[in-house]
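Worksheet: one structure, shown below.
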Amino acid sequence: MQRFIYQGCGMAIGGWIRRPIDQQIEPQAVCVLPSVGGRSVSRAGAYNLTDPVSGELLLSFASAETSVEGAESATPGVYSTLITCMVRGLNVGNVLKADEVALKLSLSYDTGNDRATIDTEGSRFVNLSLGGQAWDVALNHALGREAADYEVFRQAHPEYPETRGAIHYSLARHPLLRFDPYEHGYYDRPNFGRVYFAEWRAAPHAQKLTMLRLRLGSPQAGGIEVGGGDGDGEPYP
């Protein structure tokens, strides 16, 4: 009997604050899928971090949840992995806010034809704002679906350079986002920091998506990641 090795993990939120206080933000709602498959769910309740001196809000969220599951589908030889993360009521320094940051990454591998199907549909930002201004960030889910056939995608799209056997880009689309050779889908907010949206990594039979990554700078400093999922899987031997 052929064995399939599942690989999947997800994290709702984690990171650190270096200024005005030095505070680790332990990863919240973390799940890892066993190699034999199964289902894992992790939840975290409300979180609130303030500067004890000034009372300034540094980070808060209402709830966080992650689930990872892997199983053989009704079609023999087809193995599926699903990773979801949800952070509700996110507030970073009263500058970046969102009602929801949701990640959904689904992967299906057909051992009969050695082909993967990968989809990020369902990943989204709900009522995201920066500095009180609404930010309607769209995601290019078609890019993720096309890259499921990695070798064909790589040859068809030389505009997405490959580094160490993988393509790194962003699924986010917004008029103010910047795309440099080595950093993609980011926005520099004065007196807040750099915000990366929907960072994406594609490799053979695998994809990774991080919905938000913050590189904070002045008056806060630190780094925060929100809604990260990584999925892969392969038959053995």
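Just so you know, all these numbers are worked out from the coordinates, no wet-lab data involved. Just so it is clear, the model here is predicted, and its values are computed rather than measured. Here Cβ is always computed from backbone atoms with ideal geometry, including for glycine, and neighbour counts include all displayed protein chains.
On the stretch given as the stretch 84-111, residues that are among the small types (Gly, Ala, Ser) and either surrounded by fewer than 16 Cβ atoms within 10 Å (Cβ to Cβ) or over 14 Å from the mean Cα position of the chain (by Cα) (or both) total 4. None of 126, 195 is buried (at least 18 other Cβ atoms within 10 Å of the Cβ), closer than 20 Å to residue 93 by Cα and either among the aliphatic types (A, V, I, L, M) or over 20 Å from the mean Cα position of the chain (by Cα) (or both) except 195.
Filtering 151, 159 for residues that are of a type in the set (Asp, Glu), more than 24 Å from residue 106 (Cα to Cα) and exposed (fewer than 12 other Cβ atoms within 10 Å of the Cβ) leaves a single hit, 159. Residues of the stretch 171-185 that are assigned to a loop (DSSP other than H, G, I, E, B) and either over 17 Å from the mean Cα position of the chain (by Cα) or among the small types (Gly, Ala, Ser) (or both): 174, 175, 176, 177, 180, 181, 182. With respect to (1) under 26 Å from residue 8 (Cα atoms); (2) without any contact (Cβ under 8 Å) to a residue 12 or more places away in the chain; (3) surrounded by 12 or more Cβ atoms within 10 Å (Cβ to Cβ), the lone exception for residue 114 is condition (3). Scanning the stretch 128-148 for residues being assigned to a loop (DSSP other than H, G, I, E, B), in contact with a Ser or Thr (Cβ under 9 Å, 6 or more places away or on another chain) and not aromatic (Phe, Trp, Tyr) gives a total of 2. How many of the residues making up the stretch 2-50 are in a loop (DSSP other than H, G, I, E, B) and either among the polar types (S, T, N, Q) or on the phi < 0 side of the Ramachandran plot (or both)? Summing the residues that are in a loop (DSSP other than H, G, I, E, B) and either among the polar types (S, T, N, Q) or on the phi < 0 side of the Ramachandran plot (or both) in the stretch 2-50 gives 10.
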